[in-house]
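> This is the structure, below, for whatever I ask next.
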Amino acid sequence: MKSLLNRFHPISLLEKKRLARLNEGNLPEHIVDLLSEPYPSPEAKLKDLEFLVFDLETTGLDPKTDRILSIGYLSIKEMRVDISTSVHTYVQAEKYVKAEAAVINHIVPEMLSSGQPFDDAMEDLFRAMKGKILIAHGTVVEKHFIDAYLKHRYGLPPLPLIWLDTLVIEKSLLRNKNDAASGDFQLASVRERHKLPPYLAHNALSDSIATGELFLVLTKIIYGKTPPLLSGVYKPIH
C-alpha cells in the first residue's frame, strides 16, 4: 500500500516531470546537468539527503519589473548547516537599485558595480542546486524570480524542482493552525518563537543561514527522536 501511495506522491510526480523535461531536449547544458540526477523517494531519510538553502535580495516582489540584487546560499549535509559551502554574490544591477529597497536590504549601487554578471550568477546558482533539495523561507519569491528568469533567458517553463518552504512548514504545525492566515510568519519572528538567536535580516547569506537553522529545528519538532523523512516536510507549492 505504501509503495502505491509513494508512486502517486507529489515528489514521485516531480520525478516523472524531471525525466520528461530531460527527454524533451533543447535545454542549456547547466540545466541538463541540474536535472540529471534522480530525485529521492518520498520516504528518504533527511540525513541521507543534501539541501541547498538560499535567498534572493531583490528590488521588489514582481519579477516582471524588479531585479535580483544579491544571491546567498549554502548546503545542509547530514542535517548540519555547512558554513564552509556558503556563497554570497552581488549582481551587476546598480541602475536598478530603488531607494526604498536599499533602506531594507542595505544594498547600494556601489556594492553592485563590481558584482557578478547576472547570467553568470544564475548559472552558478543552478550548478549549486544540482543533486539538492531546495529550501527557502517563503519560496514564492525565490520561485517566481527563478521561473521568470528561465522564461526570459531561455524561453523555458518552470523546472520541476523539489522545494521545501520553512514558512509553509511552520504554518502547518498544529499549534499554528488558527493563526496560519493572520499570524506573523516572517523569518525573524518564527526564529524568535523557536528561541533561535537574532540575526542580520535582509542579507541573502544571513537569511539563508537563518533559514537553514530554522529548518533543522522544525524537523525536530515534527519528528522528535524518529528519523525525519522527506515526505513529512514536503508541502506542494503552487
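> Looking at (1) in contact (Cβ under 8 Å) with a residue 24 or more places away in the chain; (2) part of a helix (DSSP H, G or I); (3) open to solvent by less than 30 Å² (accessible area, probe 1.4 Å), which is the one condition that is false for S189?
Of everything listed in (1) in contact (Cβ under 8 Å) with a residue 24 or more places away in the chain; (2) part of a helix (DSSP H, G or I); (3) open to solvent by less than 30 Å² (accessible area, probe 1.4 Å), S189 misses just condition (1).
> Related question: Need at least 2 residues that are in contact with a strand residue (DSSP E or B) (Cβ under 8 Å, 6 or more places away or on another chain), crowded, with 18+ Cβ neighbours inside 10 Å and without any contact (Cβ under 8 Å) to a residue 24 or more places away in the chain per element, so show me which helices (runs of 4 or more DSSP H) inside segment 1-65 make the cut, counting only ones lying wholly within it. Reasoning before the result, please.
Values: elements: 2-7, 10-24, 29-34.
Counting at least 2 such residues, we get no helices (runs of 4 or more DSSP H) at all.
> In a helix (DSSP H, G or I) and either over 22 Å from S36 (Cβ atoms) or modelled with pLDDT under 95 (or both): does that describe A121? Show your work before the answer.
Working: in a helix (DSSP H, G or I): yes; either over 22 Å from S36 (Cβ atoms) or modelled with pLDDT under 95 (or both): no.
No, not satisfied.
> Residue under question is D165, and the condition is that it be among the acidic types (D, E) and surrounded by 11 or more Cβ atoms within 10 Å (Cβ to Cβ); does it hold?
Yes, satisfied.
> Could you list, in sequence order, the residues of segment 201-238 that are open to solvent by 50 Å² or more (accessible area, probe 1.4 Å) and in a helix (DSSP H, G or I)?
Correct list: E213, K220, I221, I222.
> What is the number of the single condition among (1) without any contact (Cβ under 8 Å) to a residue 40 or more places away in the chain; (2) among the charged types (D, E, K, R); (3) open to solvent by less than 40 Å² (accessible area, probe 1.4 Å) that K195 does not meet?
(3)
> Related question: Looking at (1) under 17 Å from the mean Cα position of the chain (by Cα); (2) modelled with pLDDT of 95 or more, can you tell me which one L196 breaks?
For L196, the exception is condition (1).
The values are calculated or read from the model by the stated rules, or taken from the named source; none is laboratory data. Worth saying up front: this structure is predicted, and the values here are computed from it rather than measured. Here the Cβ is made from the backbone with ideal geometry for all residues, glycine too, and neighbour counts use every protein chain on show. Quick note on the areas: whole protein, heavy atoms, side chains included, nothing else; ligands and nucleic acids left out. Shrake-Rupley method; radii C 1.70, N 1.55, O 1.52, S 1.80 Å.
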